[in-house]
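Colleague: Got a structure here, written out as structure tokens. Questions coming.
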Amino acid sequence: MTLNLQFMKETLVSTAAGIPTTLGLTCVALLISLPAGFFMALGKLGNRKTAKRLISFYVSFVRGTPIVLQILFVYSLLPSLLNHIVKNVLGMSWNVFNINPIFYAFFVFSFNTAAVLSETFRSALLTVSHGQMEAALSVGLSRTQAYVRIIIPQALVAALPNLCNATVNLLKSTSLAYMMTVKDITAIAKLNAARGYNYIEAYLVIFIIYILLCTTVQLLFYATESVLSGYKRRITI
Amino acid sequence: MLQVKNVHKSFGSNEILKGVSLEVKKGDIVVILGPSGSGKTTLLRCIDFLERADQGSILFDGIETDMHSASKANIARLRKKMGFVFQNYNLFANRTAFGNVMEGLAIARKIPKAEAEARAREVLDQVGLSDRRDYYPSQLSGGQQQRVGIARAIAPRPDVILFDEPTSALDPELVGEVLNVMKSLARSGSTMVVVTHEMQFARDVATKVIFMDGGVVVEEGTPKEVFSHPKEARTVQFLRNIMPGEFDYSI
């Protein structure tokens, strides 16, 4: 068996066109789930019982179901549900089936990542001693100022390794977006492969693309971590 | 200047403070002594609203505030009149020594940057750490960290500084440097309330000694009165335990 190198070259070029979609999915999901996860972490550390229960339920729901199942649900159930609401409840003639499927992908991946990040942030916030909050209040800072200036910057450093994990996991799971007909790297590769049954070649190509993307993400996180954790460095005399 | 009245505080069914009152005049160095669990630290924390008292009131410069129902604004106003030095220093780990002192000045009190920086340099100099200005807490020894803690507390020139066992977490050989800073503060006319087990400090520096046990004030007076002529049996027993051989029991 020989690899069709010509096909691989062409596939590399055509799948590279899917990189913006993959990165876009990752970025949008992160932009939504970072603040959502953070506030859920605060909610879980606070003392409102209902909020705590709701968040716990949501997190265990996301953790307890495969992402593939969530995609199937969202992609088959949500449009019909929306259609029903738009047509029968709101009485509008807008066609929900025209919605770009990428919005469903945004929804699923944000929904999923927010749950992961809420736990990441919760554990990170717990690494900053409560005493520092008390000290901040005692010197006259408000609770918000204490969070913004003292607690969050330190929690962020503690969260970075797990945040990196979550981001890489998210980037990889966006490959499931093909199930929602979103044309990301994986979807394009599958389409190309199907034409001439060159599955091995196509998969090898995107294998390399994913490794490159994930490695870049990890390097970016390492760099950020070494910049932000400067205060932790001990000098050796 | 500062007066707290009838402070009660329970944690669950455990009543820690059973109606404690305390008066601090300007320039006073009040030292609170007592066995562990007597409520000294809780009292101090209630005064700075780090714990919410169940009952009690605080009178500061003629304005009385209920400690249980104090509003956010009132708490913020009162806290700015006080400095707090913690047992475990509680320095901001992401700020240098200088940055730690600056927070209370430039951010909390919005003092103009140049003025705040000058003041921060001044207080770090006062605690003998001008050469450690740009060090992070993780790069400082325990004694140095606590001195930064003191600098941070005194920088905004609070009316009263509260010390919660400032030397208890330190290695024995580092206690001296912190006590020296506190002594020079006392000499410079600061008003201080100190919870400590350092008897020598209490004897030398205090203008008033308060002995607490079981959530109440058992005895109070000048160091001479409390150390040389304690009236209460519990005080005698405590002093004997903590200073064996040194404490002369006489009636």
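Colleague: Going through A:Asn169, A:Asn88, A:Asn95 one at a time, which residue ends up being at pLDDT below 95, open to solvent by 70 Å² or more (accessible area, probe 1.4 Å) and either under 18 Å from the mean Cα position of the chain (by Cα) or farther than 22 Å from A:Val227 by Cα (or both)?
Modeller: On inspection, the qualifying residue turns out to be A:Asn88.
Colleague: Select from the range B:203-216 the residues that are out of contact with any His (no Cβ under 9 Å at 6 or more places or on another chain) and buried (at least 22 other Cβ atoms within 10 Å of the Cβ) and list them in ascending order.
Modeller: Across the range B:203-216, the qualifying residues are B:Ala206, B:Val209, B:Ile210, B:Phe211, B:Met212.
Colleague: Follow-up. How many of the residues making up the range B:125-164 are over 10 Å from B:Phe98 (Cα atoms) and part of a helix (DSSP H, G or I)? Full working, then the answer.
Modeller: First pass over the range B:125-164, keeping only residues over 10 Å from B:Phe98 (Cα atoms): B:125-128, B:131, B:137-147, B:149-150, B:153-164.
After this cut, where a residue has to be part of a helix (DSSP H, G or I) as well, the list is B:125-126, B:131, B:137-139, B:142-147, B:149-150, B:153-154.
The number of residues fulfilling the criteria is 16.
Colleague: Looking at (1) within 14 Å of chain B (Cβ to nearest Cβ); (2) within 23 Å of the chain's Cα centre (by Cα), which one does A:Ala115 not meet, given that it meets all the others?
Modeller: Only one criterion is unmet by A:Ala115, namely (1).
Colleague: Evaluate the following for B:Arg52: is it assigned to a loop (DSSP other than H, G, I, E, B) and facing another protein chain (nearest Cβ under 9 Å)?
Modeller: Considered against the rule, which asks whether it is assigned to a loop (DSSP other than H, G, I, E, B) and facing another protein chain (nearest Cβ under 9 Å), B:Arg52 comes out as no.
Colleague: Specify the residue that is nearest to B:Leu140 (Cα to Cα); the eligible residues are those in the range A:185-198 that are surrounded by 13 or more Cβ atoms within 10 Å (Cβ to Cβ) and not aliphatic (A, V, I, L, M).
Modeller: Taking the range A:185-198 and keeping what is surrounded by 13 or more Cβ atoms within 10 Å (Cβ to Cβ), we get A:185-193, A:198.
Next cut, not aliphatic (A, V, I, L, M) only: A:186, A:190, A:192, A:198.
Values: A:Thr186: 52, A:Lys190: 58, A:Asn192: 61, A:Asn198: 62 Å.
Taking the candidates together, the pick is A:Thr186.
Colleague: If B:Arg45 meets every condition in (1) in contact with a helix residue (DSSP H, G or I) (Cβ under 8 Å, 6 or more places away or on another chain); (2) within 12 Å of another protein chain (Cβ to nearest Cβ); (3) touching a residue at least 12 places away in the same chain (Cβ under 8 Å) apart from one, which number is that one?
Modeller: B:Arg45 satisfies every listed condition except (1).
Colleague: Give A:Lys183, A:Lys172, A:Lys232 a once-over and let me know the one that is in contact (Cβ under 8 Å) with a residue 40 or more places away in the chain, of a type in the set (Lys, Arg) and within 14 Å of chain B (Cβ to nearest Cβ).
Modeller: Every option except A:Lys232 fails the conditions.
Every residue, every condition in (1) among the basic types (Lys, Arg); (2) touching a helix residue (DSSP H, G or I) at 6+ places or on another chain (Cβ under 8 Å); (3) part of a helix (DSSP H, G or I), yes or no:
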site: A:Ser14; (1), (2), (3): no, yes, yes
site: A:Ala36; (1), (2), (3): no, yes, yes
site: A:Ile55; (1), (2), (3): no, yes, yes
site: A:Gln70; (1), (2), (3): no, yes, yes
site: A:Phe73; (1), (2), (3): no, no, yes
site: A:Met92; (1), (2), (3): no, yes, no
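Colleague: Residue check: is A:Ala29 under 18 Å from A:Ala187 (Cβ atoms), open to solvent by less than 40 Å² (accessible area, probe 1.4 Å), under 21 Å from the mean Cα position of the chain (by Cα) and of a type outside the set (Ser, Thr, Tyr)?
Modeller: On the way: under 18 Å from A:Ala187 (Cβ atoms): yes; open to solvent by less than 40 Å² (accessible area, probe 1.4 Å): yes; under 21 Å from the mean Cα position of the chain (by Cα): yes; of a type outside the set (Ser, Thr, Tyr): yes.
Against the criterion (under 18 Å from A:Ala187 (Cβ atoms), open to solvent by less than 40 Å² (accessible area, probe 1.4 Å), under 21 Å from the mean Cα position of the chain (by Cα) and of a type outside the set (Ser, Thr, Tyr)), A:Ala29 qualifies.
Colleague: Please go through the range A:113-133 and give me each residue that is over 12 Å from A:Leu42 (Cα atoms), crowded, with 18+ Cβ neighbours inside 10 Å and not β-branched (Val, Ile, Thr), ordered by number.
Modeller: Hits for the range A:113-133 are A:Ala114, A:Ala115, A:Gln132, A:Met133.
Colleague: Let me ask something else. Being away from chain A (no Cβ under 14 Å) and not in a loop (DSSP other than H, G, I, E, B) narrows it down to one residue among B:Ala120, B:Ala114; which is it?
Modeller: Details: B:Ala120 fails: away from chain A (no Cβ under 14 Å).
The unique qualifying residue is B:Ala114.
Yes/no matrix, rows are residues, columns are (1) surrounded by fewer than 23 Cβ atoms within 10 Å (Cβ to Cβ); (2) touching a Ser or Thr at 6+ places or on another chain (Cβ under 7 Å):
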residue	(1), (2)
B:Thr96	yes, no
B:Gly104	no, no
B:Arg119	yes, no
B:Ser130	yes, no
B:Asp134	yes, yes
B:Leu140	yes, no
B:Gly149	no, no
B:Val160	yes, yes
B:Glu177	yes, no
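Colleague: Can you run down the residue pairs with Cβ atoms below 6 Å, 6 or more apart or on separate chains, where the first is in the range B:133-157 and within 12 Å of another protein chain (Cβ to nearest Cβ) and the partner is assigned to a helix (DSSP H, G or I) and of a type in the set (Ser, Thr, Tyr)?
Modeller: B:Tyr136/A:Tyr231
Colleague: Could you identify the single residue in B:Lys72, B:Lys80, B:Lys40 that is within 24 Å of B:Val209 (Cα to Cα) and either open to solvent by less than 40 Å² (accessible area, probe 1.4 Å) or of a type outside the set (S, T, N, Q) (or both)?
Modeller: That would be B:Lys40, the only listed residue that is within 24 Å of B:Val209 (Cα to Cα) and either open to solvent by less than 40 Å² (accessible area, probe 1.4 Å) or of a type outside the set (S, T, N, Q) (or both).
Colleague: Taking A:Leu137 as the residue in question, decide whether it is open to solvent by less than 10 Å² (accessible area, probe 1.4 Å), out of contact with any Cys (no Cβ under 9 Å at 6 or more places or on another chain), facing another protein chain (nearest Cβ under 9 Å) and without any contact (Cβ under 8 Å) to a residue 12 or more places away in the chain. Before you say what the answer is, go through the steps one by one.
Modeller: Working: open to solvent by less than 10 Å² (accessible area, probe 1.4 Å): no; out of contact with any Cys (no Cβ under 9 Å at 6 or more places or on another chain): yes; facing another protein chain (nearest Cβ under 9 Å): yes; without any contact (Cβ under 8 Å) to a residue 12 or more places away in the chain: yes.
So A:Leu137 does not fit the description; no.
Colleague: While we're on this one: Give me the pairs, please: first residue somewhere in the range A:199-222 and on the phi < 0 side of the Ramachandran plot and buried (at least 16 other Cβ atoms within 10 Å of the Cβ), second residue anywhere and in a helix (DSSP H, G or I) and of a type in the set (D, E, K, R), beta-carbon distance under 8 Å, and either six or more positions apart or on two chains.
Modeller: A:Ala202/A:Lys190; A:Tyr210/A:Lys172; A:Cys214/A:Lys172
Colleague: With the condition kept exactly as written, say whether any residue in the range B:170-185 is modelled with pLDDT under 95 and within 16 Å of B:Leu239 (Cβ to Cβ).
Modeller: Within the range B:170-185, not a single residue is modelled with pLDDT under 95 and within 16 Å of B:Leu239 (Cβ to Cβ).
Colleague: For the structure I just gave you, tell me whether B:Leu2 is within 30 Å of B:Leu140 (Cβ to Cβ) and either at pLDDT below 95 or under 16 Å from the mean Cα position of the chain (by Cα) (or both).
Modeller: no
Colleague: Residues of the range B:85-111 being within 7 Å of another protein chain (Cβ to nearest Cβ) and either on the phi > 0 side of the Ramachandran plot or not in a loop (DSSP other than H, G, I, E, B) (or both), which ones?
Modeller: Result: B:Asn90, B:Glu103, B:Gly104, B:Ile107.
Colleague: Further question: Tally the residues that are open to solvent by less than 50 Å² (accessible area, probe 1.4 Å), over 23 Å from A:Leu31 (Cβ atoms) and assigned to a helix (DSSP H, G or I), restricting the search to the range A:57-68.
Modeller: Selection size over the range A:57-68: 0.
The values are calculated or read from the model by the stated rules, or taken from the named source; none is laboratory data. All figures in this text were calculated on a predicted structure; none of them were measured in a lab. FYI the Cβ positions are ideal-geometry reconstructions off the backbone, even for glycines, and counts take in every protein chain you see. Heavy atoms of the whole protein, side chains included, go into the accessibility calculation; ligands, DNA and RNA do not. Shrake-Rupley method; radii C 1.70, N 1.55, O 1.52, S 1.80 Å.
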